[in-house]
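Okay, so here's the structure we're looking at.
The values are calculated or read from the model by the stated rules, or taken from the named source; none is laboratory data. None of these values were measured; they are calculated from a predicted model. Positions of Cβ are backbone-derived with ideal geometry, glycine not excepted, and every protein chain shown enters the neighbour counts. For accessibility, only protein heavy atoms count, side chains too; no ligands or nucleic acids. Shrake-Rupley method; radii C 1.70, N 1.55, O 1.52, S 1.80 Å.
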Amino acid sequence: MILDIDMLNHAAKTLTEGGVIAYPTEAVWGLGCCPWRREAVQRILNIKSRPQEKGIILVGVSEEQFEPLLAPLGSEQRQRVTDTWPGPYTWIVPDPDNWAPDWVRGQFDSVAIRVSNHPVVRYLCASKGTPIVSTSANKTGEPPLLTQKDVEDQLANSVDFIAPGDTGAQKRPSEIRDLITGEVVREG
């Protein structure tokens with residue numbers, strides 16, 4: 001995949017300024033923003049018609065971006081998580097110090113995190129220097145958006161920027177697994 005660096009820099013700037021973007025991920029198009037900007041997260045929840053209490057995923061470029069959440073884990077737990085990264089594996093991990101804002105965690109004392117292998121996602125998170133929100137670019141209960149054209153047709157008036165690119169080779173969104181219980185919340 002050839003990356004349009006100028007467009008991706010514009011997308012990263014939009015994130016830094018508190019905007020909402022659409023971008024390709026491993027399997028589907030996603031919506032993203034800075035997780036520490038409450039208004040931006042709320043805009044995404046409104047676009048999706050998703051209640052805040054359900055929580056929302058954070059995606060990063062490296063495990064270092066999640067160090068405040070990974071540091072308290074035991075070595076086996078941490079290894080279980082990091083062995084799957086980068087890739088389409090999202091882990092729900094404890095957040096005892098409330099590192100992620102409550103509007104990201106929802107009603108939980110944990111947060112869902114992933115280190116992506118998708119070049120657009122990696123570029124955005126590296127440029128921003130922090131994880132970003134990552135949730136599928138569709139209304140709750142509706143099919144995910146799979147192409148840039150679908151996103152442009154359905155969300156052009158709802159987001160501040162659409163980062164160009166193609167989704168990866170995954171056929172399904174990331175697997176979500178609870179680190180503490182081992183429960184698979186969503187199969188990948």
Give me the percent of the accessible area of the chain that comes from carbon and sulfur atoms, probe 1.4 Å, all protein chains in place.
47 percent
Selection from Gln42, Trp103, Val61, by position along the positive dipole direction of the chain (Cβ)
Gln42
How far is helix 5-16 tilted off the main Cα axis of the chain, in degrees rounded to 10, range 0 to 90?
60 degrees
With Rg/Rh (Cα atoms, Kirkwood Rh) in mind, check (1) 0.97; (2) 0.93; (3) 1.00 and report the label derived from this structure.
(2)
Excluding Gly141 itself, what net charge comes from residues whose Cβ is under 15 Å from its Cβ, given Lys and Arg +1 and Asp and Glu -1?
+4
Heavy-atom accessible area per residue of the chain, all protein chains kept, 1.4 Å probe, expressed in Å², is 48 Å²
Under a Cβ-Cβ cut-off of 11 Å, what is the net charge of the residues other than Leu58 that fall near it, where Lys and Arg count +1 and Asp and Glu count -1?
+1
May I have the count of lysine pairs in the chain with C-alpha atoms under 22 Å apart, counting pairs 8 or more residues apart or located on different chains?
8
